[in-house]
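*Asks:* Dumping the structure here so I can ask a few things about it.
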Amino acid sequence: MQDIDITPWLQKLKEGDEEAFRHVYDATVQDVYRIVALLIPRRQDIEDIMSEVYLKLWTSIGNYDPTRPFRYWLHGIAVRQVQDWKRKMWRKLRLFERQTLLEIKEESPQTDHPALRNETSEEVRMALHKLSYKLRVVIVLRYYHEYTFGEIAELLDLPQGTVKSRHHLALKELRKYAVFLEEQKGGDCLVH
Amino acid sequence: MTALSIEDQLKEQIQRAARELECPKDLSERVWESSRRHIGQTSVPRKPSGQTRLFRKAALACAAAFLLTAAVIASGFVSPVMAETLGKLPFVQNIFRLAGDFGLQSAVDKGLVKEMRISDTRNGFTLSAVQVLYDGTRASVALQLDEAGHPASLFSPVKDNGIVQQPSKGKGSFNRLEAQIRGAKGNVAWVLGPGADASSAIVTVSVASDESTRRPAMPDQYTLSLEISLNGIHEPFQLDIPVRKNTSNRVLSLNTGKTFGKLSWKLDEMESSPVSTRLFLQTSGMTADGREMYFDVVDEQGNEAGWIDIYRYRLQDGRKQLDLLYEPLAADTRSITIKPFLYVYKDAPDNRIAEIDSHGNWTKEYIPELQLTIPLQKQ
């Protein structure tokens with residue numbers, strides 16, 4: 001999102017301008033990929049969800065309030081599309097043979113520069129995907145996007161107390177995976 | 001060494017993990033193709049309709065109103081109240097003069113505007129193109145919407161936080177537009193501006209210049225097709241408008257520009273007509289916080305040419321190519337000064353909100369080191 005100044009294109013996008021859509025797409029595709037990839041492990045699912053995100057962006061840009069950050073609004077779309085996707089997948093599991101789905105090899109998102117991939121980062125992603133989705137999304141929004149509990153509650157349409165308790169549970173779970181090597185002395189966030 | 005809290009470690013590691021995730025190019029292209037295909041399908045497909053019958057009905061209503069108006073004007077007596085009323089009637093309204101940019105207003109004075117009434121009727125609403133102007137760099141069309149002979153609300157934008165928006169989603173309000181030149185969408189761009197009142201609007205269509213010819217790919221004469229969707233009306237309106245260039249333009253081939261730090265710009269060509277000024281320009285680099293350069297143009301008297309439209313796209317080598325359309329310069333302009341600037345944002349680069357000045361406009365930060373005055377040769 002930092003690479004291209006999209007603010008002037010948003011107005012044209014609101015008017016249904018496809019060229020503006022391309023500019024906004026180029027400026028946001030990495031950001032959307034990252035949030036979806038942190039929330040969903042399978043590459044094919046990431047691609048399908050991203051298509052849904054951009055279709056939703058196109059059809060609902062009229063609802064975007066330009067006095068609020070566009071990125072926050074876009075993240076809301078991404079999170080809701082991931083949730084919709086999860087609901088669809090659950091129905092698929094019920095409707096089709098579970099075995100078939102289980103045989104699909106889980107793929108991690110690829111990077112263009114495999115040499116730069118960091119083992120710790122890989123561990124972080126694996127640890128994230130061990131969390132239930134409800135806990136994972138709170139962690140991603142809190143630590144990747146650095147949203148406040150209030151902002152996360154608004155994005156997920158949940159009471160703030162629920163977000164805080166999920167955050168607490170998520171930290172407890174993450175401690176088990178020993179990804180975080182350094183311990184904080186004192187306080188209740190010790191890594192064991 | 002002080003150990004990091006688990007929260008700090010999480011933040012650092014998740015952000016690092018995210019940074020290493022790069023959307024593969026093939027995936028990005030597939031998602032774009034899929035999105036592009038889908039958005040093409042979101043416009044309602046057009047079907048044959050009772051357009052002819054409705055058009056005739058609307059045309060009869062128009063003719064009746066015109067005769068009434070003509071009779072009143074012919075009587076020679078137009079009271080101030082009646083003059084105001086007449087001014088509000090779509091037949092009399094000169095949308096370009098009342099609401100157009102400086103170029104359109106001048107075009108009216110110079111007799112360059114073609115008056116017309118090309119209409120399409122859907123669900124009792126008639127959308128008409130009533131004025132057109134084409135100078136080889138932009139085609140501007142005045143649109144008028146009527147509901148059974150009465151003006152209807154088409155476009156009533158408000159400026160909110162520096163952004164023009166249309167708050168009303170009422171029936172007949174503008175929804176989306178697709179413009180084609182000789183049946184092709186190509187690099188056609190458009191911008192919609194307010195009209196003389198809520199029932200009218202002005203659409204300006206331009207095309208990106210070809211990199212090698214430096215010219216916009218717009219022939220001197222063509223049919224401009226506008227497909228316009230209005231809220232609450234199932235089928236889009238189709239207006240096929242014949243346009244013909246009727247200005248003599250002055251084209252200057254230039255190869256000048258400036259560089260400062262990582263930012264640079266180069267002006268390749270400038271085209272002036274009595275109704276617009278077009279700059280064909282390239283930029284490279286951006287600020288550390290990812291802001292792009294924009295350009296104001298002033299003459300030697302300090303008169304600023306207002307923006308009409310901007311078209312920017314990326315070249316293979318990462319530079320950006322811009323077609324900038326401004327209001328016309330006076331014929332005797334001796335020099336222009338290009339003033340590059342950046343918009344000022346209140347928040348972090350990736351969560352931008354434009355800073356608004358006391359006049360409700362986006363705040364600009366000029367870059368004097370990149371400013372350049374270009375003398376214009378006498379014709």
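*Asks:* Roughly how many Å² of B:Lys185 are accessible to a 1.4 Å probe, to the nearest 10?
*Replies:* Looks like 80 Å² after rounding.
*Asks:* Right, something else. Along the charge dipole of region B:250-375, which of B:Ile374, B:Leu329, B:Trp265 sits closest to the positive end, that is, farthest toward it, with unit charges on the beta carbon of Lys, Arg, Asp and Glu (+1, +1, -1, -1)?
*Replies:* Value: B:Trp265.
*Asks:* Keeping all protein chains in position, work out how much accessible area A:Arg68 exposes to a 1.4 Å probe, and write it in Å² to the nearest 10.
*Replies:* 100
*Asks:* Still on this model: Could you name every residue in region A:21-37 that has 40 Å² or more less accessible surface in the full protein assembly than in its own chain alone (probe 1.4 Å, ligands and nucleic acids excluded)?
*Replies:* A:Phe21, A:Arg22, A:Tyr25, A:Gln30, A:Tyr33, A:Arg34
*Asks:* Roughly how big is the A-B contact, given as buried accessible area in Å² (both sides, 1.4 Å probe, nearest 100)?
*Replies:* For A against B, buried area totals roughly 6500 Å².
*Asks:* Rounded, prolate or oblate, given the Cα gyration tensor of region B:214-339, with a/c below 1.5 counting as rounded?
*Replies:* Oblate is the answer for region B:214-339, as a/c is 1.5 or above yet b/c matches or exceeds a/b.
*Asks:* Return the residues of region A:43-83 for which accessible area with all protein chains present is lower than in the chain on its own by 30 Å² or more; set the probe to 1.4 Å and exclude ligands, DNA and RNA.
*Replies:* Listed in order, they are A:Arg43, A:Glu47, A:Ser51, A:Leu55, A:Trp58, A:Pro66, A:Thr67, A:Pro69, A:Arg71.
*Asks:* Per-residue Cβ counts within 10 Å, from other chains only, averaged over A:123-135: what number is that?
*Replies:* Values: counts 2, 10, 6, 1, 4, 4, 0, 0, 0, 0, 0, 0, 0.
Mean partner shielding for this stretch: 2.
*Asks:* Now, a different point. Ranked from the most accessible area to the least, with a 1.4 Å probe and all protein chains present, what is the order of B:Met270, B:Met116?
*Replies:* Working: B:Met270 5, B:Met116 30 Å².
I get B:Met116, B:Met270, largest accessible area first.
The values are calculated or read from the model by the stated rules, or taken from the named source; none is laboratory data. Every value quoted in this text rests on a predicted model; they were computed, and no experiment measured them. Quick reminder, even Gly has a Cβ in these numbers, built from the backbone with ideal geometry, and neighbours come from all protein chains shown. All accessible areas refer to the heavy atoms of the entire protein, side chains included, with ligands and DNA or RNA removed. Shrake-Rupley method; radii C 1.70, N 1.55, O 1.52, S 1.80 Å.
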